[in-house]
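Presented below is the structure to which this report refers.
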Amino acid sequence: MEEDSRDFYDSEEIGEAVKRFERMMKANQVDYFDVFEVEGIVDYFMDEGQMSMANLAIDNGLKIHPSSTSLQIKKAQLLLVDGKVDESLAIVNVVELIEDSNPDIFLIKGSALIMEGLVEEAITAFEQAIMYNYDEKDELLYNIGITLGQAGEVKKAVTFLERAHTANPKNEQVLYELAYYCDKDDQDEKSILYYNKYLDIDPFNPSVWYNLGITFNRIGEHDKAIEAYDFSIALNDQFEQALFNKANALSNNNQYEEAIECYLEYLKSDKNNDDAYCYLGECYLNMDQYNDALANYKKALRINKNNANAWYGSSLIRWIENDLPESQTLVKKALKLDDTNPDFWLMYGKINHELAAYEQGESAFEMATSLDPDNRESWIAYAEMQYHRGMLQQSINILKKALEVIADDSNINYRLTAYLLENNEERSATDYFEIALRADFNSYRDLFDYYPKAQQNESIKQLIKEYQSTNY
C-alpha cells in the first residue's frame, strides 16, 4: 500500500488533493478523500514538517475509512513521531491481528520498542519486517539501521547497514551512513573503506571528502587528511569547516607555517572564532614564537573570556618565561573554567612544584593522574616533585602505581630503577631495569642521567652487556 501511496505522491494530483484538504479545513466543511489521497496528503505534510496538519489529515481520513489498516498504520506512525509510544503500539498490535504479514507494521513496532528500550524485541520485529518485505530490501534495511543508530545502538546499526549494502552495493545513501556509523564505532578502516566506495560512485561530494578527512586525521594519517580536505574545498570553496579542519590537520602534522596560513585564511570569513585564534597561538608556540603565540591567545580571550585553552596557553608561555606567579594565576583561570582537563592539572602541578607549594602540587598531580592515567608525563612529574622534596619512597610508590596502568613504559622503568638503586633495593631495581631494556634498549643511558652511580653497578653493567649482544 505504501508503494501505491508513493506513486500517488509523485503525481501532480497530490498538489490538488492538498489544496482541496486545506480549503476544506478553512471552510470547516466535510469532503471525501479516498485512502490513497489521505496517505498522500499525510506524507506531504510530514515531509513539510507540518505535523499538526498531518494529524488532522489522518484523523479526517480515519473518520471516512475507519477500517483502513493502511491509515491505521499511518496513524501509528504519526503517534510514534509525537512520542506517544504506548498509543502507537496499541494500534499496531490490533492491526497485526488483521495483517500479520505487513512489513510496515513490524517496522513501526520495532521503532516503538526501540523507544521503550526493548532492543532485542525490536530486532525481532525488524527481522519480521524484512521477512515480509519484497521490494527495495536495501531501503528497509537502511531505515532499520538508521533507527538503531539514532537510538545509540551503533554496532547493531552497522550490522543492518552492512546487510543493506550487500543487498545493493550501489546505494550511496547506505554507503554514507555505513561509513558514518563505522566511524562512530571506532571501526576506522571500515569507515575509510565505505567512504572510498561512495567516492568510487560519486567523487564529487565535498561532505564525503570532509568526513574522510576527519577519520584520517583522527587515526594520525594527517597527509591523507589534508589531501581529503583539499578535495572537499576544491569541490566547495565556501566549505569553511573543511578549511578549518585542514588547518588542524596541518598543525597535527607539524606543518605549522602552512597551518598558520590556513587559519588566517579561515579567519577572513569567521573573524570571531576564538578557537581559531587559540590554535594559531598553539602553532606559534610550537615554533617558539612566544610573543605571537601570546598575542593570539589574547585575541581569543577578547572574543571569549571563557576559553579555557587560551588561558592555559597563556599560562604555558609565562611558565616557559619563568614568570611562575603569573603562570599560576592564568592556569587557575583555566581550571576554573574546566577542571576535568588533565593537562591543566599537570601544568598546575609543575608550577606549584617550582614554587615549592607542595601540597597544592600533590593535589594537582593526583587529579592529573586520575583523569589521564595513561599519561606517563604526569606520573613522572609527580614522582620528581616528591624526589626533590627528599621523599624517595613516595617517588618509588608513585612510579610503581604508574606501572600498574602502563607497565612496559621504558621511561618510567628507567627512572624507577634509578630511585630503587638510590634506595639500596638493587634486586628490585635490576628487575625493572630489565623490563626497560626489553622495551627500549637504546635509551638505557637515561638511567645514568637519573642516577650516575648506576654506571659502576655490576648487575647493571652485566644486563646492558647481555641485551647489547641481542640488539646488535
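For residue 271, the aspartates and glutamates whose Cα falls under 15 Å of its own Cα, not counting residues fewer than eight places away in the same chain, are 240, 261.
With contacts taken as Cα pairs under 8 Å and at least 6 residues apart, the chain reaches a relative contact order of 4 percent. Pairwise Cα distances in the range 408-472 exceed 15 Å for 39 percent of all pairs.
Cross-link pairs exceeding 31 Å between alpha carbons, from the set 19/137; 26/74; 84/137; 246/401; 156/224: 19/137; 246/401.
Over the chain, DSSP H runs of length four or greater, each weighted -39,500 (n - 2.57), average out per residue to a 222 nm ellipticity of -24500 deg cm²/dmol. Once the Cα atoms are used to define both axes, helix 256-267 deviates from the longest principal axis of the chain by about 40 degrees. The equivalent ellipsoid of the chain has semi-axes of 61, 28, 23 Å, largest first, where each one is the square root of 5 times an eigenvalue of the Cα gyration tensor. The Cα atoms of the range 149-277 cover 46, 26, 25 Å along the three principal axes, with the biggest extent listed first. Ranked by how many other Cβ atoms sit within 10 Å of their own Cβ, fewest first, the residues 23, 318, 218 fall in the order 23, 218, 318.
Toward the positive end of the charge dipole of the chain, about the Cα centre and with charges on Cβ (Lys, Arg +1; Asp, Glu -1), which of 219, 150, 15 goes farthest? Farthest towards the positive pole: 219. Using alpha carbons only, how many degrees (0 to 90, rounded to 10) separate the axis of helix 137-150 from the longest principal axis of the chain? Tilt of helix 137-150: around 50 degrees.
Once you reduce the range 255-285 and the range 44-73 to the center of their Cα atoms, the two points are 52 Å from each other. Going by neighbour counts of Cβ atoms within 10 Å, the residues 465, 137 line up, fewest first, as 465, 137. Neighbour counting of Cβ atoms within 10 Å sorts the residues 182, 262, fewest neighbours leading, into 182, 262.
Taken over the range 147-214, the alpha-carbon convex hull comes to 75 cubic angstrom per residue.
Helix 13-27 and the longest principal axis of the C-alpha atoms of the chain enclose an angle of approximately 80°. Relative contact order, whole percent, for the range 272-336 stands at 29, derived from Cα pairs under 8 Å and 6 or more residues apart. Note: the range 272-336, Cα convex hull, 61 Å³ per residue.
Partners of residue 333 within straight-line reach, counting lysines whose Cα lies under 22 Å from its Cα and excluding those fewer than 8 residues away in the same chain: 298, 299, 305, 350.
Bear in mind that the values in this text are calculations on the coordinates, not laboratory data. Predicted model, so just to flag it, every value in this text is computed and none were measured. For neighbour counting, all protein chains shown are included, and Cβ atoms are generated from backbone atoms with ideal geometry for every residue, glycine included.
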